[in-house]
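Asker: I have a structure here, written as structure tokens, and I will follow up with some questions on it.
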Amino acid sequence: MAKIIIAGGGFGGIVAAQSLRNELGNEHDILLISNLDKFYMRAAFPGVALGHINPEEIVLSLPELLHKRNIDFLAGEIEKVDPKEQKVYSSDQTIDYDYLVMAMGAHFAYEKIPGFKDYGHSLQTIDMALKLRKAISSFKGGTFVAGVAQNSPCEGPALEVLFQLDHYLREKGKRDQTEFHYFTAKPVAFAPGGPVVQDFVKEQFEKHNIHLHVNVELSEIAENEVRFKDGHALESQLSFIMPAYEGPKGLQGSGLVGEGGFVPVNEQLRSVHYPNVFATGDMIQMVGPKMGHNAMAGAKVIARNIAHELRVSNANALYTPEVLCVMEMGGDNAAYIEADTIWGGTRSKVPVTGPVAAFMKKSFKEYFVREQGNIDYIL
């Protein structure tokens, strides 16, 4: 009987746990370790911030959902991993494993943005989403600035907040009281989307009268101002920033991490140094955006590969990253996006927009929560 530890209780960790139990039956032990006992669906945080989704609609209890599947749960911080001895050190326990699945996410480096704590907003936690909701409800107009700090691999939430706030203010008849700005250190907005997606986003900026600033690097956030390294600044009464990502804490000195503290993996999502260690989601070392879709897709790949190695499955699997998401833009407007050009592919398209795309996103959120991450379809 193998003992499998899953480190992390986000999209990747939950889908890995459910998929492993589906593949393995009850023959092997599975333990999930997380510093949180609740999962909030981060893809819904823009809706929480804008007030049309409540936290209780997008929350899962990790102990409850795992217990139903005969999966053990341990609440605690992972302080150290020793892949040579095959041990994980949590806050108060040392646990042996045969296989380790790392889905710990990334460290969001807000501390490297001067002024963020006092003047910035983002969406990495439910508390941040509720803080932004409060700020939006009391927003009297002026200038709204959204953007991504250099080395941030995730633009989606910034764009969703941008377009949804535009819609929110238009509904209230207050859009003409606010100037909108978006910035990125890259030469285009939504660079990983490829040419068709980039053109679509640019057209939306023009349609919604949003000022775009490219090739600019964030320096600091001040009261009523966002400043850049080239010396210029934007007035801002409300500032939303996606931070740089770093590898999660607890892996330093383990021999598992590479540049930036991320985990180098092969096409099976195995550690390139330790074949019984796998990783998925934000913590893997890869070119391109970090997003929930790839964390979940990677979790399924890992489950199949462990099952294959334990002779439960006849087929293993390879991981193929892609941009696949629905960008909600307010009301019943949204855009379904597919791309793989950043990995050498040719896909760059926005095949569905409007109410149908919005329904796709809403349906997936409800599906994931209803099925408690035990899903066949991934958006």
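The values are calculated or read from the model by the stated rules, or taken from the named source; none is laboratory data. None of these values were measured; they are calculated from a predicted model. Here the Cβ is made from the backbone with ideal geometry for all residues, glycine too, and neighbour counts use every protein chain on show. Note: accessible area is taken over every heavy atom of the protein model, side chains too, but ligands, DNA and RNA are not part of it. Shrake-Rupley method; radii C 1.70, N 1.55, O 1.52, S 1.80 Å.
Asker: Among the candidates Glu267, Glu309, Glu246, which residue alone is charged (D, E, K, R) and within 22 Å of Gly25 (Cα to Cα)?
Answerer: Glu309
Asker: Regarding Leu74, is this residue within 19 Å of Gly292 (Cα to Cα) and either among the acidic types (Asp, Glu) or in a strand (DSSP E or B) (or both)?
Answerer: Judged against the criteria, Leu74 is not a match.
Asker: Moving on. From the list Val350, Val369, Val312, exactly one residue is touching a residue at least 24 places away in the same chain (Cβ under 8 Å) and buried (at least 18 other Cβ atoms within 10 Å of the Cβ). Which is it?
Answerer: Val350
Asker: Which of the residues spanning the range 232-257 are closer than 27 Å to Ala7 by Cα, open to solvent by 70 Å² or more (accessible area, probe 1.4 Å) and not small (Gly, Ala, Ser)? Spell out how you get there, then give the answer.
Answerer: The first filter runs over the range 232-257 and keeps only residues closer than 27 Å to Ala7 by Cα, leaving 242-257.
Adding the requirement that they be open to solvent by 70 Å² or more (accessible area, probe 1.4 Å) leaves 249, 252-253.
Result: Lys249, Gln252.
Asker: Can you work out which of the residues in the range 214-231 that are crowded, with 17+ Cβ neighbours inside 10 Å and not β-branched (Val, Ile, Thr) is nearest to Pro114 (Cα to Cα)?
Answerer: Per the criteria, the residue is Ser219.
Asker: Then there is this: When both residues are 6+ apart or on different chains and their Cβ atoms are under 9 Å apart, which pairs have a first residue that lies in the range 234-247 and is closer than 11 Å to Gln124 by Cα, and a second that is open to solvent by 10 Å² or more (accessible area, probe 1.4 Å) and β-branched (Val, Ile, Thr)?
Answerer: Hits for this filter: Ile241/Ile113; Pro243/Ile113.
Asker: Mind counting the residues in the range 27-40 that are among the polar types (S, T, N, Q) and not in a strand (DSSP E or B)? Can you show your working first?
Answerer: To start, the set of residues in the range 27-40 that are among the polar types (S, T, N, Q) comprises 34-35.
Restricting the remaining residues to those that are not in a strand (DSSP E or B) gives 35.
Matching residues across the range 27-40 total 1.
Asker: Right, another one. Output the residues belonging to the range 315-325 that are within 13 Å of the chain's Cα centre (by Cα) and surrounded by 19 or more Cβ atoms within 10 Å (Cβ to Cβ). Reasoning before the result, please.
Answerer: Step one: list which residues in the range 315-325 are within 13 Å of the chain's Cα centre (by Cα), which gives 323-325.
Correct list: Val323, Cys325.
Asker: So which of Gly194, Gly120, Gly147 is surrounded by 20 or more Cβ atoms within 10 Å (Cβ to Cβ), within 18 Å of the chain's Cα centre (by Cα), in contact (Cβ under 8 Å) with a residue 40 or more places away in the chain and closer than 30 Å to Val287 by Cα?
Answerer: Unique residue meeting the criteria: Gly147.
Asker: Identify the single condition in (1) of a type outside the set (Ser, Thr, Tyr); (2) under 19 Å from the mean Cα position of the chain (by Cα); (3) modelled with pLDDT of 95 or more that Pro153 does not satisfy, given that it satisfies every other one.
Answerer: That leaves (3) as the condition not met.
Asker: From the list Glu64, Glu77, which residue is open to solvent by 60 Å² or more (accessible area, probe 1.4 Å) and either more than 23 Å from Ala303 (Cα to Cα) or of a type in the set (Ser, Thr, Tyr) (or both)?
Answerer: After ruling out the rest, the residue left standing is Glu77.
Asker: A further question on this structure: Might you check whether a residue that is open to solvent by 60 Å² or more (accessible area, probe 1.4 Å), more than 23 Å from the chain's Cα centre (by Cα) and within 29 Å of Pro289 (Cα to Cα) occurs anywhere in the range 47-55?
Answerer: Within the range 47-55, none of the residues are open to solvent by 60 Å² or more (accessible area, probe 1.4 Å), more than 23 Å from the chain's Cα centre (by Cα) and within 29 Å of Pro289 (Cα to Cα).
Asker: Scan the range 6-26 and give yes if some residue there is assigned to a loop (DSSP other than H, G, I, E, B), in contact (Cβ under 8 Å) with a residue 24 or more places away in the chain, surrounded by fewer than 14 Cβ atoms within 10 Å (Cβ to Cβ) and not hydroxyl-bearing (Ser, Thr, Tyr), otherwise no.
Answerer: yes
Asker: Run Gln285 past the list (1) within 18 Å of Leu20 (Cβ to Cβ); (2) open to solvent by 30 Å² or more (accessible area, probe 1.4 Å) and report the number of the one that doesn't hold.
Answerer: Just one mismatch for Gln285, condition (1).
Asker: What about Asn305, is it polar (S, T, N, Q), under 23 Å from Met102 (Cβ atoms), modelled with pLDDT of 95 or more and surrounded by 18 or more Cβ atoms within 10 Å (Cβ to Cβ)?
Answerer: Criteria met by Asn305.
Asker: Which residues, counting only those in the range 127-144, are part of a helix (DSSP H, G or I), touching a residue at least 24 places away in the same chain (Cβ under 8 Å), farther than 28 Å from Asn294 by Cα and not β-branched (Val, Ile, Thr)?
Answerer: Matches in the range 127-144: Ala135, Ser137.
Asker: Okay, next question. Yes or no: the range 43-61 includes at least one residue that is in contact with a Ser or Thr (Cβ under 9 Å, 6 or more places away or on another chain), on the phi < 0 side of the Ramachandran plot and part of a helix (DSSP H, G or I).
Answerer: Within the range 43-61, one or more residues are in contact with a Ser or Thr (Cβ under 9 Å, 6 or more places away or on another chain), on the phi < 0 side of the Ramachandran plot and part of a helix (DSSP H, G or I).
Asker: Can you tell me which residue is most open to solvent (accessible area, probe 1.4 Å) among those in the range 258-273 that are in contact (Cβ under 8 Å) with a residue 12 or more places away in the chain and touching a Pro at 6+ places or on another chain (Cβ under 8 Å)?
Answerer: His273
Asker: Can you pull out every residue in the range 327-340 that is open to solvent by 10 Å² or more (accessible area, probe 1.4 Å) and part of a strand (DSSP E or B)?
Answerer: Glu328, Tyr336, Glu338
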